[in-house]
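The values are calculated or read from the model by the stated rules, or taken from the named source; none is laboratory data. Just so we're clear, the structure is a prediction, and the values are computed from it rather than from any experiment. Here Cβ is always computed from backbone atoms with ideal geometry, including for glycine, and neighbour counts include all displayed protein chains. Quick note on the areas: whole protein, heavy atoms, side chains included, nothing else; ligands and nucleic acids left out. Shrake-Rupley method; radii C 1.70, N 1.55, O 1.52, S 1.80 Å.
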Amino acid sequence: MKMIKLLWLSGITCNANTHSFLNYPFIEQFLNDFEFIYHPVLDSSYTLQEIVSNEIECDVLLIEGSISPEFQRADVSIEDIIRKYAPKVQKIVTVGTCATFGGIFSQSDYKDVTGLHFDKEQKNQKFENLFDKTISISGCPIHPEILVNTLYAIKGDIALRLDNFLRPKEFYAYTVHNGCVRNEYFEYKVDAHQFGELEGCMFYDHGCQAPFTHASCNKILWNEVNSKTRVGLPCFGCTEPTFPKANLFTTKKNMGVPENLPLGVGKRVYLTLAGITKAFKIPRLEKKLLDD
Ligand code: SF4
Ligand code: SF4
């Protein structure tokens, strides 16, 4: 298979996606299969100065971090660097929620901070001509396996089906709730949870956004072993355009009903099911899992 040349461009970022990417368990193999013409922390074929002063051959442009017309790299506007390389590449990948939706840096002092194609849920026009060649890998940070599998799909000319935010459905058609080991507690409405403990679902009181967050965190485990909800922390919805929200550890409710319900579940359905499950008490689910 052809060696694919990657350009990793950093916008306004904390570099967490780079850190997460470096945790990919088979990074040595990846680096044998792809060449970074430039990456901010990995050995690369060119310096950033050479990248901005010349037009180097490249197949995939990866953008990490939010974009603002004021923001520069090597004294060149990030938007001009994108305009220079985007027409030449086969694909553009927005790496993380900031590059995709603007993310946490939307609240920074830079002017007009957005993602490449979206300002939260709103589509922006600036780079509209690049829409058809972009794939969004949202997440704060990205899941390394999802980024790497997407890059291998590009390398293998495998067409990925994308959702409305250009995220590959293979990874983002699921919700984080799919595969969580606490599903039984969810079904019987047991949220007697203490953070970090094995028992209880965190949807009802502790802010878990997994039933309405598109990602595969409980299907493709982090570091191949675990996920946030499995270890006892709520999902913060970091792959969604609305990230970050406030009060991440509490469930916002109206008259006792969570403001955000699982995707596709109407209030009437929710109340009917809640009424039924409330009538039952399952002693096994009230106990500590590992106690005798
Ligand atoms: S803790 Fe979150 S992901 Fe797990 S079952 Fe409850 S709502 Fe779903
Ligand atoms: S569990 Fe939720 S907050 Fe955590 S990484 Fe996955 S999508 Fe993001």
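For the stretch 1-46, give me the residue count where each residue is over 22 Å from the mean Cα position of the chain (by Cα) and of a type in the set (Val, Ile, Thr).
2
Might you check whether a residue that is under 22 Å from residue 94 (Cβ atoms), touching a Leu at 6+ places or on another chain (Cβ under 6 Å) and either within 11 Å of ligand 1 (Cβ to nearest atom) or of a type in the set (A, V, I, L, M, F, W, C) (or both) occurs anywhere in the stretch 239-257? Explain how you work it out, then say what you get.
Quick first cut of the stretch 239-257, residues under 22 Å from residue 94 (Cβ atoms) only: 239-245.
Adding the requirement that they be touching a Leu at 6+ places or on another chain (Cβ under 6 Å) leaves none.
No: the stretch 239-257 contains no residue that is under 22 Å from residue 94 (Cβ atoms), touching a Leu at 6+ places or on another chain (Cβ under 6 Å) and either within 11 Å of ligand 1 (Cβ to nearest atom) or of a type in the set (A, V, I, L, M, F, W, C) (or both).
I want to confirm something. Restricting to the stretch 200-223 and keeping residues that are polar (S, T, N, Q) and over 21 Å from residue 289 (Cα atoms), which single residue is farthest from ligand 1 (Cβ to nearest atom)?
In this case the residue turns out to be 223.
Of all residues being surrounded by fewer than 18 Cβ atoms within 10 Å (Cβ to Cβ) and part of a loop (DSSP other than H, G, I, E, B) in the stretch 128-170, which is farthest from ligand 2 (Cβ to nearest atom)? Just the residue, please.
Filtering first and then ranking leaves 157.
Looking only at residues in the stretch 207-237 that are open to solvent by 30 Å² or more (accessible area, probe 1.4 Å) and closer than 21 Å to residue 264 by Cα, which one is nearest to ligand 2 (Cβ to nearest atom)?
236
Please go through the stretch 171-192 and pick out each residue that is under 19 Å from residue 227 (Cα atoms) and away from ligand 2 (no atom under 15 Å from the Cβ).
184, 185, 191
Condition first: within 11 Å of ligand 1 (Cβ to nearest atom) and β-branched (Val, Ile, Thr). Can you find one or more residues in the stretch 179-188 that meet it?
Scanning the stretch 179-188, I find at least one residue that is within 11 Å of ligand 1 (Cβ to nearest atom) and β-branched (Val, Ile, Thr), so the answer is yes.
Could you please give the count of residues in the stretch 106-118 that are under 22 Å from the mean Cα position of the chain (by Cα) and not in a strand (DSSP E or B)?
Total meeting the criteria: 8.
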